[in-house]
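Have a look at the structure below, then the notes.
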Ligand code: SF4
Ligand code: SF4
């Protein structure tokens with residue numbers, strides 16, 4: 001029954017747009033990885049479904065604003081709220097699972113953009129492999145995915161790391177790149193990609209753009225460019241993202257590719273909250289101060 005149920009869940013999840021699906025069974029001491037998942041999530045959840053939702057690289061191409069026009073850029077992954085899209089799709093899946101296989105609504109808890117570290121979960125379940133750029137790379141959609149999970153009230157056999165994904169080599173999917181100066185390391189404008197699967201966060205533009213750090217050091221500000229939100233250089237350079245990668249269509253939290261940073265900077269906290277409510281920039285950890293700081297950095301760019 002377990003294998004049949006698992007196959008049915010996979011089929012339903014893939015039909016819902018997820019590109020890769022795996023099971024972790026945290027309560028099975030023989031197979032599990034209990035330390036990864038807080039107890040509050042483990043209660044009544046013998047298994048966890050982990051899934052990758054692709055946003056891909058086929059977003060509509062937007063013309064670059066003419067020279068002289070102040071325009072701060074929002075990266076494609078933030079032009080829709082793919083986290084919210086992932087949650088909505090998992091909620092629907094949970095409802096379908098419940099209808100067909102039983103359980104209560106509260107048994108299907110969703111972890112998406114949550115405090116639970118998603119990369120170790122994804123690696124443990126074989127959803128993807130850690131790249132030298134510190135991102136999880138999936139076979140189907142490179143690193144152009146968001147990772148989400150949902151607790152399940154029934155036990156399913158855990159998927160381990162797959163042999164083709166995890167070999168003795170620490171970065172099995174990076175073997176085609178120069179280990180010292182791979183494309184992801186070379187592409188980072190601030191030298192934040194160490195090339196060992198970790199980032200020097202205090203050098204990472206995206207880390208600051210997400211609201212971290214009290215101040216942005218001058219050498220990072222110099223390389224900020226016209227970004228309002230989203231540095232993707234280390235992803236764009238990765239050999240696994242060079243092909244055409246289909247993403248899901250989403251209407252959640254649409255944002256244009258460009259916004260006037262000076263106009264944004266002038267908005268009050270309440271106005272900024274209202275402007276970005278429901279979007280990828282509307283998350284509580286970024287806040288109006290973070291958006292205003294990003295806008296100021298983008299506006300201070302010498303040339304538009
Ligand atoms: S997000 Fe940008 S700054 Fe951060 S590591 Fe990647 S390329 Fe470097
Ligand atoms: S660019 Fe090469 S080394 Fe860097 S993450 Fe991608 S595959 Fe790995």
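The values are calculated or read from the model by the stated rules, or taken from the named source; none is laboratory data. Treat the numbers as computed from the prediction; the structure is a model and nothing was measured. So basically every Cβ, Gly included, is an ideal-geometry build from the backbone, and we count neighbours across all protein chains shown.
Summary table below
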| read-out | value |
| --- | --- |
| Residue that is modelled with pLDDT of 95 or more, within 30 Å of residue 225 (Cβ to Cβ) and surrounded by 19 or more Cβ atoms within 10 Å (Cβ to Cβ), where the choices are 94, 86 | 86 |
| Residue list for the stretch 103-144, filter: in a loop (DSSP other than H, G, I, E, B) and within 20 Å of residue 196 (Cβ to Cβ) | 117, 128, 131, 132, 133, 134, 135, 143 |
| Residue match in the stretch 147-167 (condition: over 21 Å from the mean Cα position of the chain (by Cα), closer than 30 Å to residue 8 by Cα and not in a loop (DSSP other than H, G, I, E, B)) | yes |
| Residue match in the stretch 245-258 (condition: in contact (Cβ under 8 Å) with a residue 12 or more places away in the chain, within 15 Å of ligand 1 (Cβ to nearest atom) and part of a loop (DSSP other than H, G, I, E, B)) | no |
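For (1) modelled with pLDDT under 90; (2) in the same structural domain as residue 244 (by TED's automatic domain parsing); (3) surrounded by 22 or more Cβ atoms within 10 Å (Cβ to Cβ); (4) under 23 Å from residue 280 (Cβ atoms), each residue gets a yes or a no:
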site	(1), (2), (3), (4)
108	no, no, no, no
113	yes, no, no, yes
118	yes, no, no, yes
121	yes, no, yes, yes
127	no, no, yes, yes
133	no, no, yes, yes
137	no, no, yes, yes
140	no, no, no, yes
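Every residue, every condition in (1) surrounded by fewer than 19 Cβ atoms within 10 Å (Cβ to Cβ); (2) modelled with pLDDT of 90 or more; (3) within 26 Å of the chain's Cα centre (by Cα), yes or no:
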{"residue": "5", "(1), (2), (3)": "yes, yes, no"}
{"residue": "21", "(1), (2), (3)": "no, yes, yes"}
{"residue": "25", "(1), (2), (3)": "no, no, yes"}
{"residue": "29", "(1), (2), (3)": "yes, no, no"}
